[in-house]
Amino acid sequence: MSDKTIALSARGRGPKRLKIEADGCLIHVEVDHHDDQGNPLTHVSVSANGDRYAGEPEWWVAPGSKVTATGVGLRVVMKPRRKSRGGKRSSRR
C-alpha cells in the first residue's frame, strides 16, 4: 500500500484547512494559527464519534494511544460488540 501525501501550508493563498474521512473517524487539520506568544501552530483534531453517521458501528480512540515528545500515536478502533449468550429464551405467559 502506498502513502498519499498532501501538503498543507500557511504560506500562499491555498486552503488552510484539511478534512480527512477515514473508517470510524474524522480528522481535521488547520494551519496558520498562532498561540498567545505569536508562535505559529497547527491544530489537529480526531473525532472517533461513531454515532456521527447513523447505522455505523461505534468507534473509539483505543487505550494505549500515546502522546510523546516525538509525536502523537492514536489508534481508532471499532467498539467490540457483546457476544450473544446463545440459546433460546423461553417466554412465560
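The values are calculated or read from the model by the stated rules, or taken from the named source; none is laboratory data. None of the values given here were measured: they were computed from a predicted structure. Quick reminder, even Gly has a Cβ in these numbers, built from the backbone with ideal geometry, and neighbours come from all protein chains shown.
Restricting the search to the range 21-41, which residues are in a strand (DSSP E or B), out of contact with any Ser or Thr (no Cβ under 8 Å at 6 or more places or on another chain) and surrounded by 13 or more Cβ atoms within 10 Å (Cβ to Cβ)?
Once the filter is applied, which keeps residues that are in a strand (DSSP E or B), out of contact with any Ser or Thr (no Cβ under 8 Å at 6 or more places or on another chain) and surrounded by 13 or more Cβ atoms within 10 Å (Cβ to Cβ), the range 21-41 yields only Asp32.
Mind checking whether some residue in the range 25-37 is touching a residue at least 40 places away in the same chain (Cβ under 8 Å) and within 30 Å of Pro57 (Cα to Cα)?
Step one: filter the range 25-37 for residues touching a residue at least 40 places away in the same chain (Cβ under 8 Å), giving 25.
Then drop every residue that is not within 30 Å of Pro57 (Cα to Cα), which leaves 25.
Yes, that holds for at least one residue.
Name the residue that is modelled with the lowest pLDDT, counting only residues in the range 42-64 that are surrounded by fewer than 13 Cβ atoms within 10 Å (Cβ to Cβ) and acidic (Asp, Glu).
Among residues in the range 42-64 that are surrounded by fewer than 13 Cβ atoms within 10 Å (Cβ to Cβ) and acidic (Asp, Glu), the one modelled with the lowest pLDDT is Asp51.
In the range 1-20, what residues are among the charged types (D, E, K, R) and part of a strand (DSSP E or B)?
Matches in the range 1-20: Arg17, Lys19.
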